[in-house]
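A.B. asks: Below is the structure I would like to discuss, written out as structure tokens.
The values are calculated or read from the model by the stated rules, or taken from the named source; none is laboratory data. Computed from a predicted structure; not experimentally measured. Cβ coordinates were reconstructed from backbone atoms using ideal geometry, including for glycine residues, and neighbour counts include every protein chain displayed.
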Amino acid sequence: MGLHLPKRARRVLSGIGLSTAFLLLSACSAEDKASVRRLAEPTPITKEGWDMHYMWMYSWLALMIVGILVWGLIFIVPFVYRRKKGDTHTPVQVRYHLPIEVFYTIVPVMMVIVMFFFTVKVQNKVVDVEKKPDYVVNVVGFQWSWAFNYLDAPGVGDVYEGGTTASKPTLWLVKDKRVEFSLTSPDVIHSFWVPAFIFKLDVVPGRDNRFQVTPDTLGEFDGRCAELCGVYHSRMLFNVKVVSQDEFDKHMQELKDKGNIGRVTGGTIPSEVAGLNSEGEAK
């Protein structure tokens, strides 16, 4: 048995619920409201990220419209076309109704084609590496951290910065400069993911996956591995710092002065990864 409330009580409760929801939304900060408008997606920090952001927004909008239509029909049709008291005739049958069958075959196919078209269009734009980048970073994913090789950095040549499970490495990028990422791995499949890029790409042994972005927002951001790659996958984190050209050049010189010259290919055995003991277990 369900709980049956008087109509007046139901109206009062509905009013209280709507008022509470309004107050909660009005108490949100401007940042929270912006997050709601983005459907909780991070704010893109690259020019290419906005293309992916809008693709997802329009995809969610299309799904919401279809969902409202489908669920609306599911709830409305049984009430509108239910057998009414006194009905004795058989409802009109729609089996082998060609127009309806064509409709519910063609429309879903067209929706998939449209979404596929825009997905491929945005994806091709992001993974297009025909344009000459301002600089190249070789990202090495290994169990269980990252190394960043800055190739042919002005005035210093090849320099690198690596991390461990105990100390997250930092990827330095230049604001408004096009960077090309070359992704490699010496062991298993990883996935290079910076949520604020609104994009990730797998790091596959034996392959050199590449993509380009142009950061347009100064600041520090989070990055992580998005592919289950072993027991310490959750510790495979890194930072991203978008800075000015002068700060970037200064950091490259600091890496050279520290002796971080050349290129690294990643860790080899667990005992060589700081933060693990000789058995490969967390200290």
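A.B. asks: Which of the residues belonging to region 155-186 are among the acidic types (Asp, Glu) and either within 26 Å of residue 227 (Cα to Cα) or buried (at least 23 other Cβ atoms within 10 Å of the Cβ) (or both)?
C.D. replies: First, the residues of region 155-186 that are among the acidic types (Asp, Glu): 158, 161, 176, 180.
161, 180, listed by residue number.
A.B. asks: Moving on. Going by the structure shown, is residue 77 among the β-branched types (Val, Ile, Thr) and touching a residue at least 12 places away in the same chain (Cβ under 8 Å)? It would help to see each step written out before you state the result.
C.D. replies: Values: among the β-branched types (Val, Ile, Thr): yes; touching a residue at least 12 places away in the same chain (Cβ under 8 Å): no.
No.
A.B. asks: On to the next question. Please count how many residues of region 156-184 are assigned to a strand (DSSP E or B), in contact (Cβ under 8 Å) with a residue 60 or more places away in the chain and under 23 Å from the mean Cα position of the chain (by Cα). Outline the logic, then answer.
C.D. replies: Step one: of region 156-184, the residues assigned to a strand (DSSP E or B) are 157-162, 170-174, 179-184.
Filter once more, so that each one left must be in contact (Cβ under 8 Å) with a residue 60 or more places away in the chain: 157-162, 170-174, 184.
Pick out the ones that are also under 23 Å from the mean Cα position of the chain (by Cα) and you get 170-174, 184.
Count: 6.
A.B. asks: Something else now. Enumerate the pairs (first residue in region 215-229 and free of Cβ contacts under 8 Å to residues at least 60 places away in the same chain and assigned by TED's automatic domain parsing to the domain that holds residue 197; second residue anywhere and in a loop (DSSP other than H, G, I, E, B) and surrounded by 14 or more Cβ atoms within 10 Å (Cβ to Cβ)) with beta-carbon separation below 8 Å, excluding pairs fewer than 6 apart on the same chain, so at least 6 apart or on different chains.
C.D. replies: 218/175; 224/236; 227/189
A.B. asks: Just a yes or no: is a residue in region 45-67 outside any helix (DSSP H, G or I), within 23 Å of the chain's Cα centre (by Cα) and touching a residue at least 60 places away in the same chain (Cβ under 8 Å)?
C.D. replies: Scanning region 45-67 turns up at least one residue that is outside any helix (DSSP H, G or I), within 23 Å of the chain's Cα centre (by Cα) and touching a residue at least 60 places away in the same chain (Cβ under 8 Å).
A.B. asks: Take residue 122 and decide whether it is out of contact with any Ser or Thr (no Cβ under 6 Å at 6 or more places or on another chain), within 30 Å of residue 194 (Cα to Cα), at pLDDT below 80 and surrounded by 11 or more Cβ atoms within 10 Å (Cβ to Cβ).
C.D. replies: Spelling it out, it is not the case that residue 122 is out of contact with any Ser or Thr (no Cβ under 6 Å at 6 or more places or on another chain), within 30 Å of residue 194 (Cα to Cα), at pLDDT below 80 and surrounded by 11 or more Cβ atoms within 10 Å (Cβ to Cβ).
A.B. asks: Where in region 185-283 are the strands (runs of 3 or more DSSP E), entirely inside, with at least 3 residues that are on the phi < 0 side of the Ramachandran plot, among the charged types (D, E, K, R) and modelled with pLDDT under 90? First the steps, then the outcome.
C.D. replies: Details: elements: 190-194, 199-203, 209-213, 219-225, 237-243.
Answer list for region 185-283: none.
A.B. asks: Now a separate question. Among the residues of region 76-103, what is the count of those that are aromatic (Phe, Trp, Tyr) and surrounded by 10 or more Cβ atoms within 10 Å (Cβ to Cβ)? So that I can check it myself, show each step before the final result.
C.D. replies: Going through region 76-103, the residues aromatic (Phe, Trp, Tyr) turn out to be 79, 81, 96, 103.
Those still in the list that are surrounded by 10 or more Cβ atoms within 10 Å (Cβ to Cβ) too: 81, 103.
So the answer is 2.
A.B. asks: Identify the single condition in (1) without any contact (Cβ under 8 Å) to a residue 40 or more places away in the chain; (2) in a helix (DSSP H, G or I); (3) surrounded by 10 or more Cβ atoms within 10 Å (Cβ to Cβ) that residue 152 does not satisfy, given that it satisfies every other one.
C.D. replies: (2)
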